[in-house]
């Protein structure tokens, strides 16, 4: 089936079979391999990408169902302000070991920060509970996300970690 | 794994969706309705389910409409858990539904998964079936023979079985507005956050409507209404009396002999009741 969609800001036209998941389409047809596939049934979170700005499971979304939509993968967030802060924090605070879960962790963490849901360790833990990591024991991931949220908040770039909808200064 | 091959049709209107569903069913195809697909696609990837045809209803505008019907709010079947969590619409439940939505699976599932889809699947461990039955919601169905509305309470007829005919689509869910005097309690037990619960207890009491209902989900084929305990709650009995009545209600369940299940059911019921009766 013919689909047209926007991936990381670029228009894409493709012919896909209905059974092709968005994750397989991104990896196999577009060579966007940051999107990882772990469990393929919505539990591990490694395939988390955004669809029309919202985080989704790319393994539980059909490529054909994304016709006309806007998809963003980790590759499309290279210059994103929140992602830059997250990358810096994951680097400094050892937020990854093998890296398999990292793309999904980053996309989910970015959404948490964006929605003002990264105000405390327990809030971050709950928010990341749909992303499984088998290396780190989560402690350093949670710390990395908290530090990134704090850094962004101090710079006045996103909502403060307390969840207040503080205005972005001009 | 990956899903087995299937055909896919995206419907732009309810009429079109029903037409496709009917002709496929007549032709002997296993046609399934898909909205967010957060359970169905997982089942398909696991090859537990392999329909011949998916009818995608997620873009039908009509299914995302929310209507204020004076004593109730009618929520379109394709409204997502995330929209309910974010309070993107009027909340008839005085906080119950946003709380339930916010603790259902994970955000990246909630942004796609829908209220109607959850009810259509009627997983006994799914939160909405139990909660919609506890609050006294009604489910609006539409099919080739027209519209009908059924009580959420009797909607689940067995394990993954509902009153919905294969050629019917859930259109909306009508949720009564709780009065200011109403109270609710909700508790679920999961070993891992976001997974399907082992036990779910939902309690709603609304004295102004003479309504009290305690539902228990999470195990068995369908959520169970704790009749005696609900009656006792309506009669304003204290926490201990209601808990005793609940124990009586549970005594004849199939899983009454299962010590683990009995203990988690007891815990979620007590927790939900204490939110109402404290």
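The values are calculated or read from the model by the stated rules, or taken from the named source; none is laboratory data. Computed from a prediction, not measured in an experiment: that's the story for all the values here. With ideal geometry, Cβ positions are generated from the backbone for all residues, glycine too; neighbour counts draw on all protein chains shown.
Here is the figure for region B:124-140: residues that are more than 8 Å from the chain's Cα centre (by Cα) and either modelled with pLDDT under 95 or part of a helix (DSSP H, G or I) (or both) total 4. Only a single criterion out of (1) in contact (Cβ under 8 Å) with a residue 12 or more places away in the chain; (2) over 17 Å from residue A:46 (Cβ atoms); (3) within 13 Å of chain B (Cβ to nearest Cβ) is not satisfied by residue A:126, namely (1).
With respect to (1) under 30 Å from residue B:12 (Cβ atoms); (2) crowded, with 24+ Cβ neighbours inside 10 Å; (3) within 12 Å of chain B (Cβ to nearest Cβ), the lone exception for residue A:105 is condition (1).
Within region A:7-24, if we keep just the residues that are more than 9 Å from every other protein chain (Cβ to nearest Cβ), in contact (Cβ under 8 Å) with a residue 40 or more places away in the chain and surrounded by 17 or more Cβ atoms within 10 Å (Cβ to Cβ), the residue that is nearest to residue B:58 (Cα to Cα) turns out to be A:22. Pairing each residue of region B:1-23 that is away from every other protein chain (no Cβ under 14 Å) with any residue that is surrounded by fewer than 17 Cβ atoms within 10 Å (Cβ to Cβ) and assigned to a loop (DSSP other than H, G, I, E, B), provided the two are 6+ apart or on different chains, yields C-beta distances under 7 Å for B:18/B:144; B:22/B:144. Candidates are the residues of region A:67-88 that are more than 11 Å from chain B (Cβ to nearest Cβ) and within 25 Å of residue B:2 (Cα to Cα); the one that is farthest from the chain's Cα centre (by Cα) is A:70. Across region B:198-211, a minimum of one residue is classified as surrounded by fewer than 21 Cβ atoms within 10 Å (Cβ to Cβ) and closer than 30 Å to residue B:58 by Cα.
Within the bounds of region B:112-122, is there any residue that is over 13 Å from the mean Cα position of the chain (by Cα) and either more than 14 Å from chain A (Cβ to nearest Cβ) or in contact (Cβ under 8 Å) with a residue 60 or more places away in the chain (or both)? Scanning region B:112-122 turns up at least one residue that is over 13 Å from the mean Cα position of the chain (by Cα) and either more than 14 Å from chain A (Cβ to nearest Cβ) or in contact (Cβ under 8 Å) with a residue 60 or more places away in the chain (or both). If you check B:187, B:274, B:278, B:172, which single one turns out to be more than 19 Å from the chain's Cα centre (by Cα), modelled with pLDDT of 95 or more and either surrounded by fewer than 22 Cβ atoms within 10 Å (Cβ to Cβ) or away from chain A (no Cβ under 14 Å) (or both)? Exactly one of B:187, B:274, B:278, B:172 is more than 19 Å from the chain's Cα centre (by Cα), modelled with pLDDT of 95 or more and either surrounded by fewer than 22 Cβ atoms within 10 Å (Cβ to Cβ) or away from chain A (no Cβ under 14 Å) (or both), namely B:274.
Looking across region B:87-101, the residues that are within 14 Å of residue B:173 (Cα to Cα) and either in contact with a helix residue (DSSP H, G or I) (Cβ under 7 Å, 6 or more places away or on another chain) or surrounded by 17 or more Cβ atoms within 10 Å (Cβ to Cβ) (or both) come down to B:89, B:91, B:92, B:93, B:97. Determine which member of the set B:54, B:41 is closer than 24 Å to residue B:166 by Cβ and touching a helix residue (DSSP H, G or I) at 6+ places or on another chain (Cβ under 6 Å). Only one candidate passes the filter, namely B:41. Selection of region A:88-122 for residues being farther than 24 Å from residue A:59 by Cα and without any contact (Cβ under 8 Å) to a residue 24 or more places away in the chain yields A:91, A:122. Of all the residues in region B:204-220, those that are over 14 Å from the mean Cα position of the chain (by Cα) and within 16 Å of residue B:99 (Cβ to Cβ) number 1. When region B:30-44 is filtered for residues that are part of a loop (DSSP other than H, G, I, E, B), more than 9 Å from every other protein chain (Cβ to nearest Cβ) and in contact with a strand residue (DSSP E or B) (Cβ under 7 Å, 6 or more places away or on another chain), only B:35 remains.
Among residues of region B:35-44 being crowded, with 21+ Cβ neighbours inside 10 Å and without any contact (Cβ under 8 Å) to a residue 60 or more places away in the chain, the one that is farthest from residue B:17 (Cα to Cα) is B:42.
Checking the conditions here, which among B:9, B:5, B:24 is over 24 Å from the mean Cα position of the chain (by Cα), farther than 19 Å from residue A:57 by Cβ and assigned to a strand (DSSP E or B)?
Exactly one residue qualifies, and that residue is B:9.
If you go through region B:56-70 one residue at a time, do you hit one that is buried (at least 16 other Cβ atoms within 10 Å of the Cβ), in contact with a strand residue (DSSP E or B) (Cβ under 6 Å, 6 or more places away or on another chain) and within 10 Å of chain A (Cβ to nearest Cβ)? Within region B:56-70, one or more residues are buried (at least 16 other Cβ atoms within 10 Å of the Cβ), in contact with a strand residue (DSSP E or B) (Cβ under 6 Å, 6 or more places away or on another chain) and within 10 Å of chain A (Cβ to nearest Cβ). All of (1) in contact (Cβ under 8 Å) with a residue 60 or more places away in the chain; (2) part of a loop (DSSP other than H, G, I, E, B) hold for residue B:47 with one exception: (1).
Could you please find all residues in region B:216-228 being touching a residue at least 40 places away in the same chain (Cβ under 8 Å) and not in a strand (DSSP E or B)? Quick ask: steps written out before the conclusion?
The initial filter retains those residues of region B:216-228 that are touching a residue at least 40 places away in the same chain (Cβ under 8 Å), namely B:216-223, B:225-226.
If the condition is that a residue be touching a residue at least 40 places away in the same chain (Cβ under 8 Å) and not in a strand (DSSP E or B), then B:218, B:219, B:220, B:221, B:222, B:223, B:226 are the ones that fit.
For region A:26-52, the set of residues classified as free of Cβ contacts under 8 Å to residues at least 40 places away in the same chain, touching a strand residue (DSSP E or B) at 6+ places or on another chain (Cβ under 7 Å) and surrounded by 19 or more Cβ atoms within 10 Å (Cβ to Cβ) consists of A:42, A:51, listed by residue number.
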